[in-house]
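Notes follow once the structure below has been shown.
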Amino acid sequence: MRKTIIAGNWKMNKNPIEAVEFVESIKNQIDTDRYDVVLCVPAINLIPVLDCVKNTNIKIGAQNVFFEDEGAYTGEISAKMLKESGVEYVIIGHSERRQLFCETDDMVNKKVIKAIEYGITPIICVGESLQQRENNVTIEFIRMQIKNALANVNENDTSKIVIAYEPIWAIGTGKTATTNQAQEVCHEIRNVLAQIYNQNIADNIQIQYGGSVNSKNASELFNMPDINGGLVGGASLKNDFVSIVNYK
Ligand code: PGA
């Protein structure tokens, strides 16, 4: 049965010293028996933070990856490099990367395939804009994003993926989707996964909600039937993350 997975997305915050100080201060308060817990930190913090969590079950994730193994790609980091450094997860297709760095569905798909090839679990982000929600095209749009992200991902590899539903209008705005809005879309994501693969596979894929998750709304959101945890931005930079991870 699928386990809850709570991931922190630090985005472009904390230098290596601050990162280690913070992780040292929270790591023993985090209960990793009940849930999978992942910290997705800036690339420069991966190595020191990996070192810091080595005697715990906290997993470390990157926030981006490139889809080639090596070569003349200035500024990029490969799945091979991440894997060989001990990184186990990577966020792919976050709306900030899609909007600010022009990532397309095709690039997202290539990155997903490459991460899987190296045994790194992609946390694949999908989510609609406010305009799309107001125009009632949310479900249609999300279905398309899922299908494109998973093109040529075969069913044997589906146990190695996580989907994060993050409505763009709820990210960093303090405006959380209502539990029903979040559940509705996560349920549709499961339906489209069942259509692409089958119901059994769909039932086993972890689907997160992300967008202004905090210690007050986490429990209600994560207890919805199709929501298996969260991708947490702002609140993952603070002690609040401990309460989110230890939600009841
Ligand atoms: P937020 O960000 O929790 O600060 O809204 C979530 C995310 O972008 O992953």
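The values are calculated or read from the model by the stated rules, or taken from the named source; none is laboratory data. From a predicted model like this one, the values you see are computed outputs, not experimental measurements. Methodologically, a virtual Cβ is constructed for each residue, glycine included, from the backbone with ideal geometry; neighbour enumeration extends over all protein chains shown.
Do you know which of the residues in the range 204-244 that are among the aromatic types (Phe, Trp, Tyr) and outside any strand (DSSP E or B) is nearest to the ligand (Cβ to nearest atom)?
Of all residues in the range 204-244, those among the aromatic types (Phe, Trp, Tyr) come to 209, 222, 241.
Those still in the list that are outside any strand (DSSP E or B) too: 222, 241.
Working: 222: 14, 241: 10 Å.
So, considering only residues that are among the aromatic types (Phe, Trp, Tyr) and outside any strand (DSSP E or B), the one nearest to the ligand (Cβ to nearest atom) is 241.
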(request) Answer yes or no: is there a residue in the range 190-203 that is touching a Leu at 6+ places or on another chain (Cβ under 8 Å), at pLDDT 95 or above, small (Gly, Ala, Ser) and within 16 Å of the ligand (Cβ to nearest atom). (result) no
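Tell me, please, whether a residue that is without any contact (Cβ under 8 Å) to a residue 12 or more places away in the chain, out of contact with any strand residue (DSSP E or B) (no Cβ under 9 Å at 6 or more places or on another chain), closer than 18 Å to residue 64 by Cβ and within 16 Å of the ligand (Cβ to nearest atom) can be found in the range 100-122. Don't jump to the end; show me each part of the working.
Here is the first cut: in the range 100-122, the residues without any contact (Cβ under 8 Å) to a residue 12 or more places away in the chain are 100-104.
Filter once more, keeping what is out of contact with any strand residue (DSSP E or B) (no Cβ under 9 Å at 6 or more places or on another chain): 100-102, 104.
Among the residues that remain, those that are also closer than 18 Å to residue 64 by Cβ are: 100-102, 104.
Next, from what is left, pick out any that are within 16 Å of the ligand (Cβ to nearest atom): 100-101.
Checking the range 100-122: at least one residue is without any contact (Cβ under 8 Å) to a residue 12 or more places away in the chain, out of contact with any strand residue (DSSP E or B) (no Cβ under 9 Å at 6 or more places or on another chain), closer than 18 Å to residue 64 by Cβ and within 16 Å of the ligand (Cβ to nearest atom).
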(message) Considering only the range 161-168, I want to know if a residue exists there that is of a type outside the set (Ser, Thr, Tyr), surrounded by fewer than 23 Cβ atoms within 10 Å (Cβ to Cβ), under 23 Å from residue 63 (Cα atoms) and over 17 Å from the mean Cα position of the chain (by Cα).
(response) no
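Being on the phi > 0 side of the Ramachandran plot, buried (at least 21 other Cβ atoms within 10 Å of the Cβ), within 16 Å of the ligand (Cβ to nearest atom) and not aromatic (Phe, Trp, Tyr) narrows it down to one of 93, 61, so name that one. Please lay out each step first, then the result.
Values: 61 fails: on the phi > 0 side of the Ramachandran plot.
Of the residues listed, the single one that is on the phi > 0 side of the Ramachandran plot, buried (at least 21 other Cβ atoms within 10 Å of the Cβ), within 16 Å of the ligand (Cβ to nearest atom) and not aromatic (Phe, Trp, Tyr) is 93.
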(request) For residue 34, work out the one condition from (1) of a type outside the set (Ser, Thr, Tyr); (2) at positive phi; (3) modelled with pLDDT under 95 it doesn't fulfil. (result) (2)
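Could you grab me the full set of residues in the range 197-220 that are surrounded by fewer than 17 Cβ atoms within 10 Å (Cβ to Cβ) and in contact (Cβ under 8 Å) with a residue 40 or more places away in the chain?
Step one: filter the range 197-220 for residues surrounded by fewer than 17 Cβ atoms within 10 Å (Cβ to Cβ), giving 198-201, 203-204, 216, 219-220.
Passing the criteria: 198, 201, 203, 204, 220.
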(message) For the range 1-54, give me the residue count where each residue is of a type in the set (Gly, Ala, Ser), within 17 Å of residue 239 (Cα to Cα) and under 16 Å from the mean Cα position of the chain (by Cα).
(response) 2
(message) Can you find, within the range 1-21, the residue that is farthest from residue 203 (Cα to Cα) among those that are within 16 Å of the ligand (Cβ to nearest atom) and buried (at least 17 other Cβ atoms within 10 Å of the Cβ)?
(response) 14
(message) Quick test of your reading of the structure: residue 180 fulfils all but one of (1) crowded, with 21+ Cβ neighbours inside 10 Å; (2) in a helix (DSSP H, G or I). Name the failing condition by number.
(response) (1)
(request) Could you check how many residues of the range 75-98 are under 20 Å from residue 172 (Cβ atoms) and either out of contact with any Ser or Thr (no Cβ under 9 Å at 6 or more places or on another chain) or in a loop (DSSP other than H, G, I, E, B) (or both)? (result) 6
(request) Six or more apart or on different chains, Cβ under 9 Å: which pairs go from a residue in the range 159-180 that's under 16 Å from residue 40 (Cβ atoms) and in contact (Cβ under 8 Å) with a residue 60 or more places away in the chain to one that's assigned to a loop (DSSP other than H, G, I, E, B) and of a type in the set (Lys, Arg)? Could you list them? (result) 172/11
(message) If I filter the range 150-189 down to residues being of a type in the set (Asp, Glu) and closer than 29 Å to residue 100 by Cα, which single residue comes out as nearest to the ligand (Cβ to nearest atom)?
(response) 166
(message) Suppose we filter 126, 87, 108 for residues that are under 26 Å from residue 51 (Cα atoms) and touching a helix residue (DSSP H, G or I) at 6+ places or on another chain (Cβ under 8 Å); which single one remains?
(response) 87
